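S.K.: Starting off with a structure, shown below.
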Amino acid sequence: MKKQLLSAVMLCTLGVAGCDPEPTGPGPDTGPKYNTADKISTYLEGKTLVMEGANIPSHPNGFSEDINYGAATQCYVKVTMSVAGGNYRVQSDMGTLRSTSTAGVQECDHAAKSGATDFTSTGVLIENVAEDGSCFDVTYTYPSFKQVGRGQVSQDGKTLKVELFFENQATGARCSNGGVGATGVTLNGAAFTGNAVQTYAIQ
């Protein structure tokens, strides 16, 4: 009997078919990659995020890019966000408002830089992340204002989308109300019909 047991052990050691395979550990994680606040924050840390061209929405922060709001004008050429220490440095190249053939109507020229802004957040809160990674609530706090809304990191890790509004101006812009860009947002008491989804290429 001892000889038979020894022979069986030797056969398995030599890799003869019929023996149980060696354990290989857990398989690859094929689930959502960015479905917790920690996963999102860790992935974006040290990254540079760039929004330009067609990725600039018609209504950044809920306001038309074609209207002069003074210091709050939303006409952009390019926005670059650098993530470090959990905070975002936002550098914006501002576009130029041009008069159109229609009296009193202006249009954002995305190719003509008129100035720049540079500010850094003092806090970023990511919460209520969907289990499938499709949406998370976000609040960006800056020295003189806050942006609130919802966002999503694409599962290929190439794109960040954030739909943002200034604090206390919009309702219905959280993940509990729908995914990024969903209808039903109210801005300053009126139905919002523009596009406020900012799309950033993650570098």
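S.K.: Under a 5 Å amide H to amide H cut-off, with H placed in plane at 1.01 Å, what residues pair with L97 once short-range neighbours are removed?
M.R.: D109
S.K.: Could you derive backbone 3J(HN,Hα) for region 174-183 from the dihedral phi with the Karplus parameters 6.51, -1.76 and 1.60 (θ = phi - 60°), listing whole Hz in sequence and x where the residue is Gly or Pro?
M.R.: Values per residue, Gly and Pro as x: 10, 4, 5, 9, x, x, 4, x, 5, 6 Hz.
S.K.: For region 108-203, what does the alpha-carbon gyration tensor say about shape, rounded, prolate or oblate, given a ≥ b ≥ c as the root eigenvalues, a/c under 1.5 as rounded, and a/b over b/c as prolate? Each step should come with its number before you reach the end.
M.R.: On the way: a/c = 1.36, a/b = 1.15, b/c = 1.18.
Rounded, because the longest to shortest axis ratio a/c is under 1.5.
S.K.: Dipole size in debye (nearest 20) for region 81-127 around its Cα centre, Lys and Arg Cβ +1, Asp and Glu Cβ -1?
M.R.: Numbers: 3 positive and 5 negative charges, 20 e Å.
Using only the charged Cβ atoms, the result is roughly 100 debye.
S.K.: Could I ask something else about it? Round to a whole angstrom and tell me the spacing of the C-alpha centers of region 112-189 and region 60-108.
M.R.: 16
S.K.: Tell me, what % of the accessible area of the chain is carbon and sulfur with a 1.4 angstrom probe? Don't skip to the end; give the middle numbers.
M.R.: Values: 6080 of 11570 Å².
Ligands and nucleic acids excluded, carbon and sulfur give 53 percent.
S.K.: Per residue, how much accessible area does region 79-203 have with a 1.4 Å probe, in Å²? Walk me through the numbers before you get to the answer.
M.R.: On the way: 6210 Å² over 125 residues.
Heavy-atom SASA per residue in region 79-203 reads 50 Å².
S.K.: Apply the Karplus parameterisation 6.51 cos²θ - 1.76 cosθ + 1.60, with θ equal to phi minus 60°, to every residue of region 109-123 and state each ³J(HN,Hα) to the nearest whole Hz, in sequence, with x for glycine and proline.
M.R.: 9, 6, 9, 10, 6, 10, x, 8, 10, 8, 8, 10, 5, 9, x
S.K.: Determine the alpha carbon to alpha carbon distance for each of K33/K158; K113/K158; K39/K158; K33/K78; K47/K161 and list only those over 24 Å.
M.R.: On the way: K33/K158 12 Å; K113/K158 26 Å; K39/K158 15 Å; K33/K78 28 Å; K47/K161 15 Å.
As for pairs spanning more than 24 Å Cα to Cα, those are K113/K158; K33/K78.
S.K.: On C-alpha positions alone, give me the angle between the axis of helix 2-13 and the longest principal axis of the chain, in degrees, nearest 10.
M.R.: Once rounded, one gets 30 degrees.
S.K.: Hey, another quick one. Loop by DSSP (not H, G, I, E, B), at most 14 other beta-carbon atoms within 10 Å: where is the longest site-free stretch of the chain for GluC sites (Glu not before Pro)?
M.R.: Working: sites that count: E45, E131, E167.
The answer is 46-130.
S.K.: I want to make sure I understand the PRE zone here: with the label point 7 angstrom from the Cα of A54 toward its beta carbon, which residues in region 90-110 have backbone N atoms less than 19 Å away?
M.R.: 108-110
S.K.: Quick one: net charge of D109's neighbours, Cβ under 11 Å, K/R +1, D/E -1? Mind dumping the intermediate values first?
M.R.: Numbers: positive: R98, K113; negative: E65, D66, E107.
Summing Lys and Arg as +1 and Asp and Glu as -1 gives -1.
S.K.: Dipole of region 49-203, Cα-centred, from +1 at each Lys and Arg C-beta and -1 at each Asp and Glu C-beta, to the nearest 20 debye?
M.R.: Details: 9 positive and 14 negative charges, 33 e Å.
So the dipole magnitude of region 49-203 works out to roughly 160 debye.
S.K.: Take S134, S121 and sort them by solvent-accessible surface of the protein heavy atoms, 1.4 Å probe, largest at the top. Mind showing how you got there, number by number?
M.R.: Details: S134 45, S121 5 Å².
Correct descending sequence by accessible area is S134, S121.
S.K.: May I pose another question? From the square roots a ≥ b ≥ c of the eigenvalues of the alpha-carbon gyration tensor of the chain, which class results: rounded (a/c under 1.5), prolate (a/b over b/c), or oblate?
M.R.: Numbers: a/c = 3.34, a/b = 2.88, b/c = 1.16.
Prolate is the answer for the chain, as a/c is 1.5 or above and a/b outweighs b/c.
The values are calculated or read from the model by the stated rules, or taken from the named source; none is laboratory data. Just so you know, these numbers come straight off a predicted model, no measurement behind them. A quick note on method: Cβ atoms are made from the backbone with ideal geometry, for glycine too, and the neighbour counts reach across all protein chains shown. These area figures cover heavy atoms from the full protein model, side chains too; ligands, DNA and RNA do not enter into them. Shrake-Rupley method; radii C 1.70, N 1.55, O 1.52, S 1.80 Å.
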